[in-house]
Amino acid sequence: MYSDKVIDHFSNPRNVGEIENASGSGTVGNPKCGDIMKMDIKVEDGIITDVKFKTFGCGAAIATSSMATEMVKGKSIEEALELTNQAVAEALDGLPPVKMHCSMLAEQAIHAAIEDYQKKQAAAQ
Amino acid sequence: MNTIYLDNAATTAVSPEVLQAMLPYFTEHYGNPSSVHATGRDARKAIEAARRQVAAAIGADPAEIYFTAGGSESDNWAIKGAAFMNRRKGNHIITTAIEHHAVLHTCGWLEKQGFEVTYLPVDAEGRVTPEQVEAAITDKTILITIMAANNEIGTLEPIAEIGKIAKAHKILFHTDAVQAVGAIPLDVKAMNIDMLSMSAHKFHGPKGIGVLYIRKGVRIDTLIHGGAQERGQRAGTENLAGIVGLGKAIEIATTDLPAKAARLSALRDRLIDGILERVPDVRVNGPREGRLPNNANVSVRYIEGESMLLRLDLAGIAASSGSACTSGSLDPSHVLLAIGLPHEVAHGSLRMTLGSETTEAEIDRVLEVLPGIISDLRSMSVLNKDTSTVTDEVFYHGKK
């Protein structure tokens, strides 16, 4: 049911972990539906120079977390905000229909981390 | 790499003896059992022989055995048939919260037709008590339907005691024994069972064939109308090869049952104890005593079931989970929620069901692989003892 790319990102997830003193951090999902994702980003001069995730969830949740981190790493905040769940799913060669909500979480986690960064920036000024 | 198949509660392989018994009934003895000619009579004989094999296995008379298309049809027929036949006597049905969906959804449909259903809650190990059943009986109760053994957590229900109560109150008692046949001894007479469902593919028979046992004298409405097959109670040309396979499979499954059950129980305990020894923060779902000999079900804290299944699958091990992600819905298993597990813990469940082919070496291989998979997934999980939403007590339960 999963593509080879999903299995690859699930078996060898990229960017697992946490960033100490992250510029921004976002957690989305809840244990009730079985998926929780946390994304940490490090931002320098408007560029996401590092990103790490930790996920409690199914194979698709872990794979989309991994792929989403790959897709925003090195991108500007503006570019990262344009990341859609559709793009994450496509980069994984598709997801089964019942798993599309997992890719939503990845998009939401990135957005939550950026929002947190922007709030911190605003507070600092 | 050979797959280590630990999903025998989902389905089993057809055993070679069963397949051999079935094969002639596709091409040689393919007659319609209703036909007058010799080809038809051969088929009829084979069906009656299978009926005797089934009857002998559960302490019934051959005339009380009706072939169906499987467990779901048997459950539907027993429950709907009993409900509509007795609707002038009453409209109340008693069942439990942890039945298979073939029972629960049938009861749910009957509620829409004006019947009332009591879904008895179960204790933390998935057991319903005979006292609960008796207390739920009203003067409107026409049917009690309670499973013999739970398909997810392996809990054995006190069906002999429930049968006694049903008999004393003159209420029909149906049991879904789909997981129990071939796993534990069953005697419909001694246990006062009026109707019993089974499915061949759970005990090394073929898929698409099952049985409903209906005690002599019990009358229920017909579900499948048409021809006069199965003494006019279940229409449709008989699944000849399937019936022959079911007969052979139940004969094999119930021969030397105590010895087979003891072997599986020992392997099951080796698996459960091995996991508890090697992995912290694991709980056993269902009881340690009074559970199906082949069923191991654990919840692994901080991680999700489907991700465990996938990693096990990549390692050549087939298992299942009650997590939402394996059911296609957002809710985890109704059984795990009914025994009081928080969602987070229910999502982390792992069911491994052994079969007659399972070996000690296979169990040891699982015990070698599983701890690494769990610690790997835990290392990438956002949940840990600080972020978990559940209390530690949930995880002390069930340990020896």
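The values are calculated or read from the model by the stated rules, or taken from the named source; none is laboratory data. As the structure is a computational prediction, the values presented were derived from the model and not from experiment. Here the Cβ is made from the backbone with ideal geometry for all residues, glycine too, and neighbour counts use every protein chain on show.
Applying a threshold of 6 Å to beta carbon distances and a minimum spacing of six or more residues, or different chains, the list of pairs starting in region B:335-346 at a residue that is closer than 15 Å to B:Gly154 by Cβ and ending at one that is surrounded by fewer than 24 Cβ atoms within 10 Å (Cβ to Cβ) and aliphatic (A, V, I, L, M) reads B:Ala338/B:Ala97; B:Ala338/B:Val122; B:Ile339/B:Ala124.
Against the definition (closer than 20 Å to A:Pro13 by Cβ, crowded, with 23+ Cβ neighbours inside 10 Å, within 12 Å of chain A (Cβ to nearest Cβ) and at pLDDT below 95), how does B:Ser323 come out, yes or no? Talk me through it step by step, then tell me what you get.
Numbers: closer than 20 Å to A:Pro13 by Cβ: yes; crowded, with 23+ Cβ neighbours inside 10 Å: yes; within 12 Å of chain A (Cβ to nearest Cβ): yes; at pLDDT below 95: yes.
When the stated conditions are applied, B:Ser323 passes them.
When we screen A:Lys5, A:Lys32, A:Lys52 for residues that are under 15 Å from A:Ala109 (Cβ atoms) and either touching a residue at least 60 places away in the same chain (Cβ under 8 Å) or not aliphatic (A, V, I, L, M) (or both), the only hit is A:Lys52. Screening region A:1-46 for residues that are surrounded by fewer than 17 Cβ atoms within 10 Å (Cβ to Cβ) and among the hydroxyl-bearing types (Ser, Thr, Tyr) and picking the one that is farthest from the other protein chains (Cβ to nearest Cβ) gives A:Ser3.
Each residue in region A:79-102 was checked for being touching a residue at least 24 places away in the same chain (Cβ under 8 Å) and over 15 Å from A:Gly26 (Cα atoms), and 12 of them qualify. Under the condition of being assigned to a loop (DSSP other than H, G, I, E, B) and in contact (Cβ under 8 Å) with a residue 12 or more places away in the chain, the residues counted in region B:284-302 number 10.
Check A:Thr55, A:Thr64, A:Thr27 and return the single one that is part of a helix (DSSP H, G or I) and either under 20 Å from B:Ser379 (Cβ atoms) or of a type in the set (Lys, Arg) (or both). Even if it seems obvious, please write down each step before you answer.
On the way: A:Thr55 fails: part of a helix (DSSP H, G or I); A:Thr27 fails: part of a helix (DSSP H, G or I).
Only one candidate qualifies: A:Thr64.
I'd like to check something: does region B:207-215 contain any residue that is small (Gly, Ala, Ser) and buried (at least 24 other Cβ atoms within 10 Å of the Cβ)?
Of region B:207-215, the ones small (Gly, Ala, Ser) are B:208, B:210.
Retained after the next criterion (residues that are buried (at least 24 other Cβ atoms within 10 Å of the Cβ)): B:210.
Looking through region B:207-215, at least one residue is small (Gly, Ala, Ser) and buried (at least 24 other Cβ atoms within 10 Å of the Cβ).
When you scan region B:350-362, do you find a residue that is within 14 Å of chain A (Cβ to nearest Cβ), crowded, with 24+ Cβ neighbours inside 10 Å, at pLDDT 95 or above and not in a helix (DSSP H, G or I), even just one? For region B:350-362, residues within 14 Å of chain A (Cβ to nearest Cβ), crowded, with 24+ Cβ neighbours inside 10 Å, at pLDDT 95 or above and not in a helix (DSSP H, G or I): present. Is there a residue being touching a Phe, Trp or Tyr at 6+ places or on another chain (Cβ under 6 Å), touching a residue at least 40 places away in the same chain (Cβ under 8 Å), over 23 Å from B:Thr12 (Cβ atoms) and within 14 Å of chain A (Cβ to nearest Cβ) anywhere in region B:228-249? Looking through region B:228-249, none of the residues is touching a Phe, Trp or Tyr at 6+ places or on another chain (Cβ under 6 Å), touching a residue at least 40 places away in the same chain (Cβ under 8 Å), over 23 Å from B:Thr12 (Cβ atoms) and within 14 Å of chain A (Cβ to nearest Cβ).
Restricting attention to region B:147-188, the residues that are over 17 Å from B:Ala261 (Cα atoms), out of contact with any strand residue (DSSP E or B) (no Cβ under 7 Å at 6 or more places or on another chain) and of a type outside the set (D, E, K, R) total 5. Evaluating B:Ala346 against the criteria (1) assigned to a loop (DSSP other than H, G, I, E, B); (2) within 11 Å of chain A (Cβ to nearest Cβ); (3) buried (at least 23 other Cβ atoms within 10 Å of the Cβ) leaves one unmet condition, (1). The sole residue among A:Thr69, A:Thr49, A:Thr84 that is away from chain B (no Cβ under 11 Å) and closer than 19 Å to A:Gln121 by Cα is A:Thr49. For A:Ile114, the conditions (1) buried (at least 18 other Cβ atoms within 10 Å of the Cβ); (2) away from chain B (no Cβ under 14 Å); (3) over 14 Å from the mean Cα position of the chain (by Cα) all hold with the exception of (3).
Counted as qualifying within region B:19-115 are the helices (runs of 4 or more DSSP H) with 2 or more residues that are free of Cβ contacts under 8 Å to residues at least 12 places away in the same chain and not assigned by TED's automatic domain parsing to the domain that holds B:Ile339, namely B:24-27, B:38-58, B:101-112.
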